[in-house]
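Just below is one structure, and these are the notes that go with it.
The values are calculated or read from the model by the stated rules, or taken from the named source; none is laboratory data. In this text, all values refer to a predicted model and were calculated from it rather than measured experimentally. Using ideal geometry, Cβ is built from the backbone for each residue, glycine included, and neighbour counts are taken over all protein chains shown.
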Amino acid sequence: MLDTIERSLIDSASLAGPDIRSLVARRRKGYSLEAPFYTSPEIFKADMDLIFHRHWIYVGVEPDVPEPGDAMTVQLGEDSIVIVRDDDNAVRAFHNVCRHRGARLIHDYKTTVGNIVCRYHQWTYKLDGELVFAEHMGEGFNLGCHSLKPVHLKSLAGLLFVCLAAEPPADFDAMAERMSPYLAPHRIADTKVAHEEDIIEPGNWKLTMENNRECYHCAGNHPELTVPLYAYGFGFAPQELDEVGREEVERYSAMVESLHNQWEAAGFPARPVEHLDDMITGYRTERLPLAGAGESHTHNTEVACTRLLGDIQERRLGGLTFHTQPNSWHHFMSDHIVTFSVIPLDAERSLLRTKWLVHKDARQGIDYDVDNLKSVWNVTNAQDSELVGFCQAGARSQAYEPGPYSVHTEDMVDRFCNWYIGRMAAQLGV
Amino acid sequence: MLDTIERSLIDSASLAGPDIRSLVARRRKGYSLEAPFYTSPEIFKADMDLIFHRHWIYVGVEPDVPEPGDAMTVQLGEDSIVIVRDDDNAVRAFHNVCRHRGARLIHDYKTTVGNIVCRYHQWTYKLDGELVFAEHMGEGFNLGCHSLKPVHLKSLAGLLFVCLAAEPPADFDAMAERMSPYLAPHRIADTKVAHEEDIIEPGNWKLTMENNRECYHCAGNHPELTVPLYAYGFGFAPQELDEVGREEVERYSAMVESLHNQWEAAGFPARPVEHLDDMITGYRTERLPLAGAGESHTHNTEVACTRLLGDIQERRLGGLTFHTQPNSWHHFMSDHIVTFSVIPLDAERSLLRTKWLVHKDARQGIDYDVDNLKSVWNVTNAQDSELVGFCQAGARSQAYEPGPYSVHTEDMVDRFCNWYIGRMAAQLGV
Amino acid sequence: MLDTIERSLIDSASLAGPDIRSLVARRRKGYSLEAPFYTSPEIFKADMDLIFHRHWIYVGVEPDVPEPGDAMTVQLGEDSIVIVRDDDNAVRAFHNVCRHRGARLIHDYKTTVGNIVCRYHQWTYKLDGELVFAEHMGEGFNLGCHSLKPVHLKSLAGLLFVCLAAEPPADFDAMAERMSPYLAPHRIADTKVAHEEDIIEPGNWKLTMENNRECYHCAGNHPELTVPLYAYGFGFAPQELDEVGREEVERYSAMVESLHNQWEAAGFPARPVEHLDDMITGYRTERLPLAGAGESHTHNTEVACTRLLGDIQERRLGGLTFHTQPNSWHHFMSDHIVTFSVIPLDAERSLLRTKWLVHKDARQGIDYDVDNLKSVWNVTNAQDSELVGFCQAGARSQAYEPGPYSVHTEDMVDRFCNWYIGRMAAQLGV
């Protein structure tokens, strides 16, 4: 005989999906999320509606559409967005949907257009979205009422964010003001996309994000990435250190302090800024030293591109990391930028899109080699994807229960979850 | 904080699917349907239950089962139907399900059988459905209670329609009476299926139908199909015509009037009959002139088969088009017939089955060449399939909203939607 | 206009899935189950929750993990279970989920390990499940609270059963006591897995089980299997026998009676024991003579392995069949054992895992040939898989209705359904 609680579990599972409000309300800080956050199609839908359609989502860079008429499409859930540079050099975003029969307008990831012409019945829109031609529609038809629907778009020093909400979060501008000095010297607008790659990770988007937010797993899984990184930059338990370890930590801390002073004096802001879970548009940044030659995220820790970014003269600028909630991280070195966006596909699959940027005048084969440029993060992404799949498989199990985050090495994971739960609670009125 | 309407939208989406009755009730005439009609699995299920299981569905032609014992299976949603010609030449339809353990009986699309024998335990049925053998069933077992379950089937001049309802719509006979004189001279019963082809279109079945119901998109998308067709036959906005255009329209109208008189005098009914949205079994027909040589739907507008249909002597009979609601269209020329049925597969995929019929005595390679016979519609189907996919992609977007149909060129699309909404409203008691 | 019953059917189908309690309560004995039991995702979920997570499930044999450190993973629904032999030779089962971030621990079907180490952050568990290493977790962290979660596991003479319930059914021990003397002479612990094979059958797991529980379909579908089997061992309708048939049945019955006496006297229990539908842990066994040479399930009815099992000297021991509810059957001959487990994958797909065991000292190519060993059941499984697919296709049809089981040849099918419905009723409180 089934007891009442079990019966209600069966009923609620088969009839109504998980009780999102209860799950949000009872989240235990310092622990991973309950399983339905990673597995439930209903929560995935809520994530799309409440997180990805109401917050600023990082989708690409200005150099994705370098010239007037250049267009790029981005798929966010069921919504296709076209980002296009107009003749006045303004970059705009529209829903990629014809106002006549609803046909998708642009089908390629990247293309160049004069006007935007629907393939179905040749309705024609200018690059500012205005409908300028529609045959056979008769006398009562008003072109002006059928412009493309705009999507909010902002550029933060060349990083493009879109927001599908009617009223986007207003604190983007505060982030932009604080972050611009950090990013400006790397001059994204003067870069080009030297390479980009998409992989589909076999897990919920939050597992992809959580995996990014800690390097506890690096030593055991990323032999290539750990070459340019200092392990002590990503946390440790002080009580586990022996005498040698304590000395190493002291030396590392002194080096960071010294480099922060040196970089900031040279016009490269470096000290951490963290608003991962106390802003609607959450973010974090810090410039950290690199190991070995100390120049870049490469196998030999030297620059991948000898033509440095912007007006930079110094190769040893460390790595400036910029994290945003809910879906991006970025590494800025003296010679190149690696930028990552996570786009949820369904409850158990996520797109990870990685772009490698170098100076727009850098020459492939001379100033840089693409294979070398992409090698560390390409293999690291593949390793992370496998780990994400392990967690997804585990989250499906009845035996899964939220486990404890390491207070020393997984605090940014916890802050990601805090941000996510906080935003869900606010939207759901919990 | 979420407002009440948004919250209820989230709840209803995750819990209960769309509110079909409201969507049906509020449909705006002259506009495409709201998105859930194209995307929702719940509405797809309602479409199958209320439209495809309660109306006359076109599934094939008598020449699909030309001889006694010939059988054809048709899959309608989850239901497999076997259509078989009995020794008395009657064509009958049954559910393709054994009355013992429910096994599917016939597994091929087309085959020839003596009796219908279940592969599982050899239960054996005659071609009229009667169970005549079942081993081991013991003394209390009554063969007579375990006949195959029949499916309603009607032939309209050789076109086969089935209905899964207990009581099929009665107005089929009115359609048959009106249409038979139009179709009779093409003598379907004396044709053979020279070729048939299935494609899966990446869209809801209604988008496939809507695409068929207008030629506004033809000029921009069908370079092959527009060779034998006169553009003016499919609508235009008078106010957009210049002097030359107005003269062309006058000449075209005079030609149609003259040919209608001529064809009807020769025994080939030609004038339009339209009951697309005022009958349960909706349909439309008209015989229209063809361009160029004026003979057939081919690349060179000449007949594809030199052996004409039935007793037809005149090659220039134009094209008789016959549309039925919900799922078919047919083109009858002097030399061949092309017949199309649409079978929904799921909310976002539809099967388009096309058959090309020629006189049963026509010889492949001598009287006709299959590659030539199928070429115009094969490439046209592929083009249409891509357009349907564009609309399906757009309908998923939150930016999609019903767009205006051209009153000059998309009136049959509107009538299709009127019929569909009307039938849904009647079934749902809206 | 829709009548009330039809409308409620539409509503309940689209909103809430089938009413499982009503379906369970109204099941008609002697007939196959109503369609939703074979097709509904909701009932599939209930089957996993109420049947597969609350009963003893057969998953493999002790020789799957012959040595300390050998591990095998088994997937039951969303749950991955790791079965491992510890250094003390005890075989234990755990949930294959790390207690930290929930990552799956062991990824191979079979492997050998020292400890169980999580790939993600190197948390390390002993083979008894105890957590012995977790870096960076700080001072408040208690290793002892984060052991692997155990899964109940029992061995019946070497056959391994697991149960995911907190309190497994207690009557396993009664089955074990009754069955051990039947199985002991075949000495599973002294065998090895000579071959194993997985196929995915295109049907609900209950159709796979029902198909196994009768041989009414054998004559028409299994030309290889019927060579070693006597048809009369699987039922017949007495009134359908002619004079010759009646004499054959008498001879067969006398032979069985004589062999049962002979085998039991020699220490091989043979007479039937049946508790298929009157125990929570339902089962049935019987030793039956084989046809032809009478030795084994092979094409020539002779032993496949000349090294007999355990201390067996006599090749002609017939075939001991052991059926368990809900998911296994086994054939024990003098020379080899074939053992089958059915694992549901979704409402319409099931994994059938077959293992062929021979004496652990038997030599491939000398004492036995794998191709010969597996040939009868390999081809029989493929034939059954096709039949299961036929029934699954039929069950989806609106025309499907429960059909009558033959009282003479399908009584074990009926008992399987009785057991299933009884267990569902007990769990649901119907």
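Quick notes on this one:
- Only one entry in C:Ser406, C:Ser385, C:Ser350, C:Ser397 is among the hydroxyl-bearing types (Ser, Thr, Tyr) and either touching a Pro at 6+ places or on another chain (Cβ under 6 Å) or modelled with pLDDT under 95 (or both), namely C:Ser350.
- Number of positions in the range B:374-407 that are under 30 Å from B:Thr301 (Cα atoms), within 14 Å of chain A (Cβ to nearest Cβ) and charged (D, E, K, R): 2
- Candidates C:Leu259, C:Leu225, C:Leu229 - the one that is over 30 Å from C:Val74 (Cα atoms), of a type in the set (A, V, I, L, M) and either not in a helix (DSSP H, G or I) or not assigned by TED's automatic domain parsing to the domain that holds C:Asp371 (or both): C:Leu229
- Count of residues meeting criterion [within 11 Å of chain C (Cβ to nearest Cβ), at pLDDT 95 or above and either over 23 Å from A:Glu295 (Cα atoms) or touching a His at 6+ places or on another chain (Cβ under 7 Å) (or both)] in the range A:197-239: 7
- C:Asp335 fulfils the conditions (1) among the charged types (D, E, K, R); (2) under 24 Å from C:Val379 (Cβ atoms); (3) out of contact with any strand residue (DSSP E or B) (no Cβ under 7 Å at 6 or more places or on another chain) except for a single criterion, (3).
- For the range B:232-242, the set of residues classified as surrounded by fewer than 18 Cβ atoms within 10 Å (Cβ to Cβ), out of contact with any Gly (no Cβ under 7 Å at 6 or more places or on another chain), touching a residue at least 40 places away in the same chain (Cβ under 8 Å) and part of a loop (DSSP other than H, G, I, E, B) consists of B:Gly235 only.
- Those residues of the range A:184-206 which are crowded, with 24+ Cβ neighbours inside 10 Å and in contact with a Gly (Cβ under 9 Å, 6 or more places away or on another chain), in sequence order: A:His186, A:Thr191, A:Glu201, A:Gly203
- A single member of A:Val84, A:Val59, A:Val65, A:Val151 is buried (at least 19 other Cβ atoms within 10 Å of the Cβ), within 13 Å of another protein chain (Cβ to nearest Cβ) and within 29 Å of the chain's Cα centre (by Cα), and it is A:Val151.
- Single unsatisfied condition, B:Arg353 versus (1) of a type in the set (Lys, Arg); (2) assigned to a loop (DSSP other than H, G, I, E, B); (3) under 29 Å from B:Arg423 (Cα atoms): (2)
- Here B:Ala90 meets the list (1) within 13 Å of chain C (Cβ to nearest Cβ); (2) more than 19 Å from the chain's Cα centre (by Cα) almost entirely, failing just condition (1).
- Any hit, the range A:334-343, residues being β-branched (Val, Ile, Thr), in contact (Cβ under 8 Å) with a residue 24 or more places away in the chain, touching a Cys at 6+ places or on another chain (Cβ under 7 Å) and not in a loop (DSSP other than H, G, I, E, B): no
- On inspection, B:Tyr182 qualifies as aromatic (Phe, Trp, Tyr), closer than 17 Å to B:Tyr58 by Cβ, touching a Pro at 6+ places or on another chain (Cβ under 7 Å) and away from chain C (no Cβ under 14 Å).
- Across the range C:356-386, the number of residues qualifying as over 18 Å from C:Ala304 (Cα atoms) and assigned to a strand (DSSP E or B) comes to 0.
- Residue within the range B:412-420 that is assigned to a loop (DSSP other than H, G, I, E, B) and modelled with pLDDT of 95 or more present: no
- Count of the range C:191-208 residues, restricted to those that are closer than 12 Å to C:Leu352 by Cα, assigned to a strand (DSSP E or B) and not hydrophobic (A, V, I, L, M, F, W, C), is 4.
- Contact map, the range C:405-430: residues that are touching a residue at least 60 places away in the same chain (Cβ under 8 Å) and more than 15 Å from C:Tyr31 (Cβ to Cβ) paired with residues that are surrounded by 20 or more Cβ atoms within 10 Å (Cβ to Cβ) and β-branched (Val, Ile, Thr), Cβ distance under 6 Å, separation 6+ or inter-chain. Pairs shown: C:Met424/C:Val24; C:Ala425/C:Val24; C:Val430/C:Val24.
- Pair list, Cβ under 6 Å, 6 or more apart: the range B:253-280 residue farther than 22 Å from B:Met333 by Cβ, other residue modelled with pLDDT of 95 or more and not in a helix (DSSP H, G or I): B:His275/B:Gly282; B:His275/B:Tyr283; B:Leu276/B:Gly282; B:Leu276/B:Arg284; B:Met279/B:Asp171; B:Ile280/B:Pro169; B:Ile280/B:Asp171
- In the range C:163-218, the residue that is nearest to the chain's Cα centre (by Cα) out of those that are among the small types (Gly, Ala, Ser) and under 25 Å from C:Lys45 (Cα atoms) is C:Gly203.
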